[in-house]
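Before any comments, here is the structure.
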Ligand SMILES: C[S@@+](CC[C@H](N)C(=O)[O-])C[C@H]1O[C@@H](n2cnc3c(N)ncnc32)[C@H](O)[C@@H]1O
């Protein structure tokens, strides 16, 4: 079984983890009518690597992303402390799906040499707007087809972003790219939701969130348990009308994650329920994986 946390030291007090909208914890959910669709591959045309699909999420949400996910708070501090223990600054760090720089900018401010990859030019434009000291370099690209020349001490894929790759093949390909991007003694870190959070939803579900005094976020969630896929349709209602942003994610169970990592020449060396190294339990909202290159 993989649900036990690896025996590691350096526990810090656990902190409240805010639930994430995209796709995050089930807080505030209410069951709705209907049942999860039994059809519909998660690997539709829109999600093809290198295609429009990989940038659609960022292009649609870049203007409000920072209100969904504030760039400061205990969660960000814990993440930085976690990485500092693994590979202290000024280590080089590659963030996949860097977004608006919520994590990359504070990491650069803590002395890391940060490069971010993202499929969405709009998200990267926001990042550079937010990055007043210019500490983060970026490139536009699809991280399921990662090809970087440099090798990094750390590769970070945070906030469920790995699960945004909608097929197993793309997830393995991404892990292969990470393998090649890691220095020999480099470490990759993944933050994903605990698949249980969605797998236990047997009915279509609705989640409502406050976005701004005059704006509301309504998520409808449908899980296809056989395909391990989640369709979240984010409906944003604000002064400028209504916007719908569909998002598909494909969750991998811990044992599958381990197997995919092995196929890519990597091995999982740690798994926790949060940045404070809490043990993995069924109730945990997320998983934090630490992965290294396999040594022969
Ligand atoms: C949930 S956001 C996370 C952003 C940032 N890492 C954070 O923690 O706030 C996911 C990001 O991944 C990007 N993304 C999704 N699929 C991608 C892909 N296949 N290749 C590159 N970027 C991708 C999106 O554009 C978006 O900026």
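Points worth noting:
- The set of residues in the stretch 84-105 being over 22 Å from residue 179 (Cβ atoms), part of a helix (DSSP H, G or I) and within 11 Å of the ligand (Cβ to nearest atom) consists of 105 alone.
- Residue check for residue 56: surrounded by fewer than 16 Cβ atoms within 10 Å (Cβ to Cβ) and either in contact (Cβ under 8 Å) with a residue 24 or more places away in the chain or not in a loop (DSSP other than H, G, I, E, B) (or both): no
- Residue in the stretch 141-163 that is more than 17 Å from residue 176 (Cβ to Cβ), more than 13 Å from the ligand (Cβ to nearest atom) and surrounded by fewer than 21 Cβ atoms within 10 Å (Cβ to Cβ) present: no
- Cβ-Cβ under 6 Å pairs, at least 6 apart or on other chains, the stretch 88-110 side more than 17 Å from residue 153 (Cα to Cα) and at pLDDT below 95, far side in a strand (DSSP E or B) and within 7 Å of the ligand (Cβ to nearest atom): none
- Taken over the stretch 62-83, residues that are within 15 Å of residue 157 (Cα to Cα) and away from the ligand (no atom under 12 Å from the Cβ) amount to 3.
- Subset of the stretch 109-126 that is surrounded by fewer than 23 Cβ atoms within 10 Å (Cβ to Cβ) and in contact with a strand residue (DSSP E or B) (Cβ under 7 Å, 6 or more places away or on another chain) - its residue that is nearest to residue 171 (Cα to Cα): 117
The values are calculated or read from the model by the stated rules, or taken from the named source; none is laboratory data. Predicted model, so just to flag it, every value in this text is computed and none were measured. Cβ coordinates were reconstructed from backbone atoms using ideal geometry, including for glycine residues, and neighbour counts include every protein chain displayed.
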